[in-house]
């Protein structure tokens, strides 16, 4: 099959491209240039589209003897991912930009263009298993990226190849080293690629400006402090609240109200939620009949919790959790899994969290 | 990936080394000797370098002392723009304006912009015609009385769209107001008549690898009276304007290539122009809405040989394919073994709308949808046939993929 390997310049996508070549595919490498202003990222070694990363990707492609191109998706990325990220925070929600990038860029703009140009699929270095149209967790639980892929539909998954799902990150690095790739020891990227210094609050402050508002204690309704922007907070957040309440019990962010810019905080007993409402879901395969039992993961790297999946309002879902969870933030994705220890938990689909309640 | 069976239609990027060049360079590389040394080995090396200088001067209508060897076209452009600016300004502090065409190569543009940003230069951008040409009238108007101008720079032939300037007419204008003219003739030599003395320009950039010589070897022709401040300081090998041990093997290769390219120019130009015309006609027959960029194929510029000649490089076909993206076209052609170019790319390799096409008034979509095909000394009818066999379906497929950014 003619396939397009998306090559970020990191070790995962380098090995994924190499494995696609080994599998006998006719592979063409593409580096996605996503920043509209490459110069600002030149100093940040972890910018996803820095000149160095394009160079690293090209070096691997040359070693593999495959054609290599750079596709400029800066406009699409800025609009679909960066602006969405800013707007979501401005609305008091906590978005996941990697998920949005997979949904709108890698497996939409790039896949569409690849297919129009005659490629059968897009190969990426994501850590997730994909076989027979079934998306499952990686064997490497610590590196599993199925959460940020759960938004993909069956059509999108049909055009995707993830060669790394059945190996550990350590094995990926070993393969890279065996092949003499210079990126074998390159550091993992943890940051949001368009915020290379890792300072999300600073980035949002530059974009949204100072937006002071009150911090309110849920138990008393009293204003206990001031903040300079509600976008600096995430539901479930414990550290860095910048307020002192009488007793020494830890406080958590319970809610963010964007219009009045009110950040509500409360003690742990108020922070747990038992019921989650989502936007209309997307499914990776056949639409399951409601209600059903599943495990739900409520944020990247979160611990899955058993739940009952039932019909909600306006086409959304109502998830009744078996045990209360903290840190369920509107804007995050509620990803549903069918547990399977042998073959890897199966991703069923996801819905964006709209609200969470203590009830249930 | 270039392969032996690839159809190579990118001679303006670089063109295959001539066998005679390889032989001359191999012979020289087998000898020891620094051309600056006083002993016999040094004298032998110097003799080869100086003989090359004389033969190059002869081929280009210059005096041997006007030939400065450099590391290539980019260095020659940097040396001319910065060196002439500094020398003229230092002699007369009012002279800090640079008059330049916006369709120049980045080696000129970025040098000018660096001087503007870091060294107080004022830049006057020349208007260009839709063909990319600068008219003598426009240059005259931009120069004014010329008293505040350090230099003017207009390329002899454009590397993207192949438009040839009427350089002699432009030099006449600059000289009337005592302004020095630099021209980047990297693409012109061996393609159109180039005579340094007859042209009247003060400084001329050339490089070896565009005409069958080695990469990393170039020349700045610099009129004897022109003062030029060095970029590279050291042994002062080249008239104290450029230092560095002479790469004698590269120099002899550059000379053999240039002499051959100039000697065979007319015959080759006629052959390539006919081939190019067939390429354009063939593409237009399959893609009727394709647009030719630059000057008409049969364009001529004023004056008789050695000054006049074709108004468009004989091997250049630059076309826009509305609704298709240059990137996609290039990739699809590459996958079918046909190698060409989209024009400029940034350091990360991102295709940018060509500054040349934008300068001649094309909208960004047209600029992004263009491909450059350039023919050279090894081009054959079979190369053109191979392109024509695939271009129709390739354009159709690229159009289905659309303009990727939308």
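Please find, in a Gaussian network model of chain B (springs between Cα atoms separated by less than 10 Å), the residue of B:318, B:233, B:377 whose mean-square fluctuation is greatest.
Answer for the Gaussian network model of chain B: B:233.
How do B:98-109, B:353-364 rank on mean C-beta neighbours within 10 Å, highest first? List each step's numbers first, then the result.
Numbers: B:98-109: 23.1, B:353-364: 19.6.
Ranked by mean Cβ neighbours within 10 Å, highest first: B:98-109, B:353-364.
Tell me, what is the FRET efficiency for residue A:168 and residue A:320 to the nearest 0.05, using R0 = 41 angstrom and their Cβ-Cβ distance as r?
0.75
Can you say what percent of the DSSP beta bridges in chain B, counting only those with both residues inside, are antiparallel? Round to 5.
55 percent
Could you work out the mean count of beta carbons from other protein chains within 10 Å of each residue's beta carbon in B:330-339?
2
Largest first and in whole Å, give the semi-axes of region A:272-357's equivalent ellipsoid, each being the square root of 5 times a Cα gyration tensor eigenvalue.
18, 15, 11
Run lengths n ≥ 4 of DSSP H only: what is the helix-derived mean residue ellipticity at 222 nm for chain B, with -39500 (n - 2.57) per run over all residues, to the nearest 500?
-13000 deg cm²/dmol, from helical runs alone.
Once you treat every alpha carbon in chain B as an equal point and sum by Debye, what is log10 I(q)/I(0) at q = 0.07 Å⁻¹?
-0.32
Sort the following peptides by mean Cβ neighbour count (other Cβ atoms within 10 Å, averaged over residues), highest first: A:177-190, B:198-211, A:125-138.
Highest-to-lowest ranking by the protection proxy: B:198-211, A:125-138, A:177-190.
Can you tell me the orientation of helix A:11-22 relative to chain A, as the angle in degrees between its alpha-carbon axis and the longest Cα principal axis, to the nearest 10?
That works out to roughly 40 degrees.
How many nm is it between the label spots at residue A:303 and residue A:207, if each spot is 7 Å from the Cα in line with the beta carbon?
In this crude label model, residue A:303 to residue A:207 measures out at 3.2 nm.
Between 0 and 90 degrees, rounded to the nearest ten: what's the tilt of helix A:169-178 against the longest Cα principal axis of chain A?
Rounded to the nearest ten degrees, it is 30.
Give me the one-decimal Kirkwood hydrodynamic radius in Å for the protein assembly as shown, with the sum taken over alpha-carbon pairs.
Final number for the Kirkwood radius of the protein assembly as shown is 29.8 Å.
Reported to two decimal places, what Rg/Rh ratio describes region B:19-261 when computed on Cα atoms with Rh from the Kirkwood expression?
My calculation of the ratio gives 0.98.
Where does each of A:220, A:282 land when they are ranked from fewest to most other beta-carbon atoms within 10 angstrom?
A:220, A:282
Within 10 Å of each Cβ in peptide A:110-117, how many partner chain Cβ atoms are there on average? Round it to a whole number, please.
4
Once the Cα atoms of helix B:167-176 and of chain B are each reduced to a long axis, what angle between those two axes, in degrees from 0 to 90 to the nearest 10, is obtained?
40 degrees
Taking chain A as a Gaussian network, where each spring joins two C-alpha atoms under 10 Å apart, which residue of A:232, A:65, A:159 fluctuates the most?
Checking each option, the largest mean-square fluctuation is seen for A:65.
Nearest 500 deg cm²/dmol is fine: what mean residue ellipticity at 222 nm does chain A get from its DSSP H runs of n ≥ 4 alone, each adding -39,500 (n - 2.57), divided by its residue count?
-6000 deg cm²/dmol
Under a crude label model (7 Å from the Cα following the beta-carbon direction), how far is residue B:123 from residue A:78 in nanometres?
2.1 nm
Taking a spot 7 Å from the Cα of residue A:343 along the direction of its beta carbon, which residues of region A:123-158 have an amide N less than 12 Å from it?
Answer for region A:123-158: A:130-137.
Need one word for region A:233-322: rounded, prolate or oblate. Basis is the Cα gyration tensor (sqrt eigenvalues a ≥ b ≥ c); a/c below 1.5 gives rounded, then a/b vs b/c decides.
Judged from the Cα gyration tensor, region A:233-322 comes out prolate (a/c at least 1.5, a/b above b/c).
Regarding region A:183-235, what are the three Cα extents along the principal axes, ordered largest first, in Å?
Answer, in whole Å and largest first: 55, 25, 11 Å.
Tell me, what is the FRET efficiency for residue A:292 and residue A:62 to the nearest 0.05, using R0 = 41 angstrom and their Cβ-Cβ distance as r?
0.25
What does the structure give for A:133-140 when I average, per residue, the other chain Cβ atoms found within 10 Å of the residue Cβ?
Mean number of neighbouring Cβ atoms from other chains: 0.
Cut-off 12 Å, label point 7 angstrom out along Cα-to-Cβ of residue B:381: give me the residues of region B:267-288 whose amide nitrogen falls inside.
It comes to B:275, nothing else.
Which shape class, rounded, prolate or oblate, goes with region B:186-254 when its Cα gyration tensor gives a ≥ b ≥ c as root eigenvalues, a/c under 1.5 marks rounded, and past that a/b bigger than b/c marks prolate?
Because a/c hits 1.5 or more and a/b fails to exceed b/c, region B:186-254 counts as oblate.
Given contacts defined as C-alpha pairs under 8 Å and at least six residues apart, what's the relative contact order of chain A, whole-number percent?
16 percent
Put one equal scatterer on each alpha carbon of region A:120-242, apply the Debye formula with no solvent term, and list log10 I(q)/I(0) at q = 0.17, 0.21 1/Å to two decimals.
After summing over all Cα pairs, the log10 values are -0.96, -1.15.
With no solvent and one equal point scatterer placed on each C-alpha of region A:2-185, evaluate the Debye formula and give log10 I(q)/I(0) for q = 0.10, 0.15, 0.16 Å⁻¹, two decimals.
So the normalised log intensities work out to -0.37, -0.88, -1.01.
Output the relative contact order of chain B, whole-number percent, from Cα pairs under 8 angstrom with separation of 6+ residues. Write down the numbers at each step before the final one.
Working: 849 pairs, mean separation 88.1, N = 406.
After rounding, I find 22 percent.
Rounded to the nearest 0.05, what FRET efficiency do residue B:137 and residue B:243 give with R0 = 56 Å and r taken as the Cβ-Cβ distance? Could you check? Don't skip to the end; give the middle numbers.
Details: r = 40 Å, r/R0 = 0.72.
It comes out at approximately 0.85.
Would you calculate the separation in nanometres between label points at residue A:142 and residue B:147, each defined as 7 Å from the Cα along the Cα-to-beta-carbon direction?
Going from the residue A:142 label point to the residue B:147 one covers 7.6 nm.
Which whole-angstrom value gives the distance between the alpha carbon centres of region B:142-188 and region A:249-294?
68 Å
Relative contact order of region B:19-261: what whole-number percent is it, with Cα pairs under 8 angstrom and at least 6 residues apart?
Once divided by the residue count of region B:19-261, the mean separation gives 28 percent.
For chain A, what does the equivalent ellipsoid look like in terms of its semi-axes, each the square root of 5 times an eigenvalue of the Cα gyration tensor, given largest first in whole Å? Each step should come with its number before you reach the end.
Working: eigenvalues 270, 123, 60 Å².
Whole-Å semi-axes of the equivalent ellipsoid: 37, 25, 17.
Bear in mind these aren't lab numbers, they're just calculated from the coordinates by the rules spelled out. Since we're looking at a predicted model, the values are computed, not measured. Glycine also receives a Cβ, built like all others from the backbone with ideal geometry; neighbour counts cover every protein chain displayed.
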